Ligand SMILES: [Zn+2]
């Protein structure tokens, strides 16, 4: 695997940055550094970041590349008398993955305080609890080590409404080409979009391109309802870090495996990707020899839903980099899939012409 250490570093910084839905500031700050050579940047109050290629010249179709900068997180609900913290979800977690997780809780000073999602020690469990240790998420608490509510407020500066993210650090295992970290949904998608545009710097393309790192996607595809008004796309590519199914699905039904290339999704709960555009993209991948996968999903959703049906409608496809254990504190992805996604974005942008759009 030919790995660019600078790109690994970008993925590391994007993955490690705390960015629970609605609190994406640190992720946007990292993205801005890497996007600087690409072109002009603009931000709205929702922290949606718009990156316009400096080679754009107007008067021709606009391709929107969307990738969401947020990750599933938690938000502080209240402080219990014993100093532990109740929370709600920002987005949808696999609840079974939460107990025992190390987390970082933002405090009133803007610092991230370490804590643990409390798991009851086996010593105190009844026989019934041992047999079925699953807890309702409402009964879980975060323990930062405070001894009382007063201690949590006065000495840890904890307050209601602050975000929480997993305390998971990115690691790249070069020997096996495996990336470990948090928030790969959709930080690997953000990184692939930025890397594709960096490689295209100075190159003439048949269309104008605006990349949007959109916020709060995990709360439902809501902020792309705003971004489309600023971009007014004619066509869109939605980047994702999408759930891999290859560790728990019968072989015949595996649709998103690690190290088989990015996944292009025909349908999910939120949208049906433009069928003729989807078929054109799959044919283009075959022609270019870029490995890709296809999926038909009974669950999930993404920003294609709102981009496709906003304004006068922009045909959209979803290019998802496989992520094992999405929406848990620890994800696995491969650079192989990341690289194939970058190559696909470049191939798409080189071939989306006004004539091609007219055939959709
Ligand atoms: Zn996502």
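The values are calculated or read from the model by the stated rules, or taken from the named source; none is laboratory data. Because the structure is predicted, anything quoted here is derived from the model rather than measured. Cβ coordinates were reconstructed from backbone atoms using ideal geometry, including for glycine residues, and neighbour counts include every protein chain displayed.
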Leading residue by the ranking (nearest to residue 226 (Cα to Cα)) among those in the range 27-42 that are in contact (Cβ under 8 Å) with a residue 40 or more places away in the chain and part of a helix (DSSP H, G or I) | 28
Does residue 286 qualify as being in contact with a helix residue (DSSP H, G or I) (Cβ under 9 Å, 6 or more places away or on another chain), more than 16 Å from the ligand (Cβ to nearest atom) and assigned by TED's automatic domain parsing to the domain that holds residue 66?
-> no
Taking the range 81-124 as the search range and keeping residues that are assigned to a helix (DSSP H, G or I) and touching a helix residue (DSSP H, G or I) at 6+ places or on another chain (Cβ under 9 Å), which one is nearest to the ligand (Cβ to nearest atom)?
-> 95
Output yes when any residue across the range 337-358 is assigned by TED's automatic domain parsing to the domain that holds residue 202, assigned to a strand (DSSP E or B) and within 16 Å of the ligand (Cβ to nearest atom), and no when none is.
-> no
What is the number of the single condition among (1) more than 30 Å from residue 226 (Cα to Cα); (2) touching a residue at least 24 places away in the same chain (Cβ under 8 Å); (3) over 25 Å from the mean Cα position of the chain (by Cα); (4) in a loop (DSSP other than H, G, I, E, B) that residue 78 does not meet?
-> (4)
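Determine which member of the set 147, 209 is more than 23 Å from residue 335 (Cβ to Cβ), out of contact with any strand residue (DSSP E or B) (no Cβ under 8 Å at 6 or more places or on another chain) and either in contact (Cβ under 8 Å) with a residue 40 or more places away in the chain or not in a loop (DSSP other than H, G, I, E, B) (or both). Outline the logic, then answer.
Numbers: 209 fails: out of contact with any strand residue (DSSP E or B) (no Cβ under 8 Å at 6 or more places or on another chain).
Exactly one of 147, 209 is more than 23 Å from residue 335 (Cβ to Cβ), out of contact with any strand residue (DSSP E or B) (no Cβ under 8 Å at 6 or more places or on another chain) and either in contact (Cβ under 8 Å) with a residue 40 or more places away in the chain or not in a loop (DSSP other than H, G, I, E, B) (or both), namely 147.
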Pairs, first outside the structural domain of residue 344 (by TED's automatic domain parsing) in the range 240-267, second assigned to a loop (DSSP other than H, G, I, E, B) and within 16 Å of the ligand (Cβ to nearest atom), C-beta under 6 Å, six or more apart | none
Could you say whether any residue in the range 162-180 is within 16 Å of the ligand (Cβ to nearest atom), touching a residue at least 24 places away in the same chain (Cβ under 8 Å) and within 13 Å of the chain's Cα centre (by Cα)?
-> no
